[in-house]
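*Asks:* This is the structure I have questions about; it appears just below.
What follows draws every value from the coordinates through simple rules; no lab data is involved. Note that the coordinates shown come from a computational prediction; the quantities given were computed from them, not determined experimentally.
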Amino acid sequence: MRVTFDLPAAVAGQFGDRPETAARRLLEDAAVENYRTGRLSQRQTAVMLAFDYWQDEKFLRERGAFLSYSAADLEKDANALYKIFNRK
C-alpha cells in the first residue's frame, strides 16, 4: 500500500534533506513506535522495512525497542518446556 501525505517544509527538514530520506525515516519511526506499543510484531516490522530477521533485530535493538518479556512470561515458557522434555 502506498500512503502519501504533505508535511510543512519546516517540519519535513527534520526527517531528511531529500524526500526519499524523509520517507524512510518516517517509515522506520512508525515501525519502531508500533512495535513498542504492540501493534506490530517483530516479524511485521521486518516485512514493513524489507529487513531479514537479523537486520530487524539489530534495527530494533539500536532504537531501544526490546521484546516485552516479563519474569512471568519466562516462568510460563519454562513450565511448558519442562512438560515437553520431561515426559516419560
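*Asks:* Sum -39500 (n - 2.57) across every DSSP H segment of at least 4 residues in the chain, then divide by the residue count to get the 222 nm mean residue ellipticity, nearest 500. Before the final figure, lay out each step's value.
*Replies:* On the way: 5 runs with 55 residues, N = 88.
-19000 deg cm²/dmol, from helical runs alone.
*Asks:* Treating the angle as unsigned and between 0 and 90°, give the value, to the nearest 10°, between the Cα long axis of helix 19-36 and the longest Cα principal axis of the chain.
*Replies:* 30 degrees
*Asks:* Taking the chain as the reference, fit the longest principal axis to its C-alpha atoms, fit the long axis of helix 71-85 to the helix C-alpha atoms, and give the angle between the two in degrees, 0 to 90, nearest 10.
*Replies:* Taking Cα atoms only, the helix is inclined about 50 degrees.
*Asks:* Kirkwood hydrodynamic radius for segment 9-85: how many Å is it when counted over pairs of different Cα atoms? Working shown, then result.
*Replies:* Working: mean 1/r = 0.0692 Å⁻¹.
Hydrodynamic radius (Kirkwood, Cα pairs) of segment 9-85 is 14.5 Å.
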